[in-house]
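Peer 1: Submitted below is the structure of interest, expressed as structure tokens.
The values are calculated or read from the model by the stated rules, or taken from the named source; none is laboratory data. Everything quoted here is computed from the prediction, not taken from an experiment. Glycine also receives a Cβ, built like all others from the backbone with ideal geometry; neighbour counts cover every protein chain displayed.
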Amino acid sequence: MPQPAPDFAARLIAWHADHGRHDLPWQNTHDPYRIWLSEIMLQQTQVDTVVPYYRRFLARCPDIATLAAADSGTVMALWSGLGYYARARNLHACAQRLVADHGGAFPATAEAIATLPGIGRSTAAAIAAFAFGERTAILDGNVKRVLCRAFGIDGFPGQAAVERKLWALAEALLPHADVATYIQAQMDLGATLCTRGTPHCTRCPLATCCVAHATGRTAALPTPRPRKALPLRRITALVIRHRDAVLLLKRPPNGIWGGLLSLPELTPDTAPAAWLAELLEAAPAQPLPPLRHTFTHFMLDIEPRLLTLEARPADAPSAATWQPLATLDAVGLPAPVRRILVALQPAPGASKPR
């Protein structure tokens with residue numbers, strides 16, 4: 001394994017003083033709740049996207065106890081649009097665990113924090129370092145990219161052997177002081193200079209000791225995930241409308257879009273439920289523009305069909321909700337479903353369906 005540069009941490013800490021990010025809404029605090037919320041939201045999501053969600057979430061759930069007491073529908077509505085909805089379910093479950101087992105407060109070590117729902121080793125370390133000053137390493141996506149380039153580490157970082165090498169390096173690089181600043185500097189360098197597509201090497205404090213820069217391999221490192229052809233699934237999504245409301249069904253708590261409200265679906269290999277079959281037979285279905293949504297492991301082609309009803313079906317399932325189109329922001333919806341329904345909202349000043 002490449003040997004750590006003796007001044008690696010010092011370079012980053014000095015760079016961060018003048019060039020790092022200092023005014024993000026979750027910085028300048030030792031509150032583990034706010035740090036935890038930001039760390040979960042920032043997983044697989046850009047800062048600019050997270051900021052308004054973070055502020056809106058805190059306005060509704062300002063502390064662990066409030067989040068634990070909130071109903072799941074409220075939590076999913078606050079999260080709707082951020083994607084990767086298991087993060088929201090785990091966030092809610094973690095708050096409830098903290099109230100039940102820890103008096104509504106976070107434990108103070110990364111090891112203990114990592115036992116909580118939805119919190120992995122790196123996130124636990126970030127909370128422990130920022131909130132409690134623990135000397136512990138993190139290894140999020142930005143840090144992996146910085147280390148792979150700076151030390152010329154080959155192999156996809158998600159592979160177990162490569163990840164073990166990166167963890168050992170991250171721990172060896174830890175300074176004895178200013179650990180929280182060092183961790184923030186790593187994150188900031190990866191987010192602002194050592195970016196995935198167009199790294200700004202001429203402004204990087206590590207440029208003179210970076211293996212990837214010296215060997216012209218910044219575009220090749222980190223090694224990309226081995227590519228696989230994503231399978232394609234198809235569904236028909238039924239937009240069942242009565243006046244200014246649409247029928248939504250709550251999805252099971254686990255799986256894709258777990259716990260969110262969504263449209264009734266038909267798949268090529270399943271027959272519709274009896275109440276849906278009756279509606280489809282009685283009301284003509286109008287095609288709406290199709291769309292494709294890409295998940296991590298598959299692509300989903302959605303073909304929406306609009307059914308406009310004169311009366312609400314008496315035999316709709318008890319879990320069905322008639323949601324006014326004007327109040328879509330109040331509920332948790334999958335992003336593609338929200339796009340379909342927003343397109344049906346009347347323009348300002350337009351008359352409502354009668």
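Peer 1: Do you know which residues across the stretch 131-150 are in contact with a Phe, Trp or Tyr (Cβ under 9 Å, 6 or more places away or on another chain), surrounded by 21 or more Cβ atoms within 10 Å (Cβ to Cβ) and part of a helix (DSSP H, G or I)?
Peer 2: Selection gives Ala150 alone.
Peer 1: Let me confirm something: among Leu260, Leu328, Leu279, which residue is of a type outside the set (Val, Ile, Thr), in contact with a strand residue (DSSP E or B) (Cβ under 8 Å, 6 or more places away or on another chain), closer than 29 Å to Leu91 by Cα and outside the structural domain of Gly83 (by TED's automatic domain parsing)?
Peer 2: Going through Leu260, Leu328, Leu279 in turn, just one is of a type outside the set (Val, Ile, Thr), in contact with a strand residue (DSSP E or B) (Cβ under 8 Å, 6 or more places away or on another chain), closer than 29 Å to Leu91 by Cα and outside the structural domain of Gly83 (by TED's automatic domain parsing): Leu260.
Peer 1: Now a separate question. So in the stretch 28-60, with the set limited to residues that are within 29 Å of Ala320 (Cβ to Cβ) and within 18 Å of the chain's Cα centre (by Cα), which one is surrounded by the most Cβ atoms within 10 Å (Cβ to Cβ)?
Peer 2: Taking the candidates together, the pick is Phe57.
Peer 1: On to the next question. Say we look at the stretch 300-332 and pick out the residues that are more than 19 Å from Ala285 (Cβ to Cβ) and not hydrophobic (A, V, I, L, M, F, W, C); which of these is surrounded by the most Cβ atoms within 10 Å (Cβ to Cβ)?
Peer 2: Filtering first and then ranking leaves Gly332.
Peer 1: For the stretch 250-295, name all the residues that are over 26 Å from Tyr85 (Cα atoms) and of a type in the set (Phe, Trp, Tyr).
Peer 2: Correct list: Trp275 only.
Peer 1: Sticking with this one: Just checking, which of Arg97, Arg21, Arg34, Arg11 is part of a loop (DSSP other than H, G, I, E, B), over 22 Å from Val337 (Cα atoms) and among the basic types (Lys, Arg)?
Peer 2: Arg21
Peer 1: Ok, one more. Here are some residues: Leu247, Leu232. Which one is aliphatic (A, V, I, L, M), touching an Asp or Glu at 6+ places or on another chain (Cβ under 8 Å) and closer than 30 Å to Leu328 by Cα?
Peer 2: Leu232
Peer 1: Consider Ala137 carefully, then state whether it is within 14 Å of Ile183 (Cα to Cα), among the aliphatic types (A, V, I, L, M) and in contact (Cβ under 8 Å) with a residue 12 or more places away in the chain.
Peer 2: Taking the combined requirement at face value, the residue satisfies it.
Peer 1: Okay, moving on. Looking only at the stretch 240-260, decide whether some residue is touching a residue at least 12 places away in the same chain (Cβ under 8 Å), of a type in the set (Gly, Ala, Ser) and in a loop (DSSP other than H, G, I, E, B).
Peer 2: Yes, the stretch 240-260 contains at least one residue that is touching a residue at least 12 places away in the same chain (Cβ under 8 Å), of a type in the set (Gly, Ala, Ser) and in a loop (DSSP other than H, G, I, E, B).
Peer 1: Condition test on Asp178, is it of a type outside the set (Gly, Ala, Ser) and at positive phi?
Peer 2: For Asp178, the condition - of a type outside the set (Gly, Ala, Ser) and at positive phi - is met.
Peer 1: Counting just the residues of the stretch 261-287 that are within 25 Å of Leu230 (Cα to Cα) and touching a residue at least 12 places away in the same chain (Cβ under 8 Å), which one comes out surrounded by the fewest Cβ atoms within 10 Å (Cβ to Cβ)?
Peer 2: Pro268
Peer 1: Just to check your reading of the model, which residue among Ala59, Ala105, Ala88 is assigned by TED's automatic domain parsing to the domain that holds Val143, farther than 21 Å from Val337 by Cα, among the small types (Gly, Ala, Ser) and touching a residue at least 24 places away in the same chain (Cβ under 8 Å)?
Peer 2: Sole residue among the options that is assigned by TED's automatic domain parsing to the domain that holds Val143, farther than 21 Å from Val337 by Cα, among the small types (Gly, Ala, Ser) and touching a residue at least 24 places away in the same chain (Cβ under 8 Å): Ala105.
Peer 1: Now for a different question. Any residue in the stretch 156-171 that's outside any helix (DSSP H, G or I): show its pairings with residues that are modelled with pLDDT under 95 at Cβ separation under 7 Å, as long as the two are six or more apart or on different chains.
Peer 2: Phe156/Pro224; Phe156/Arg225; Phe156/Pro226; Gly158/Arg225
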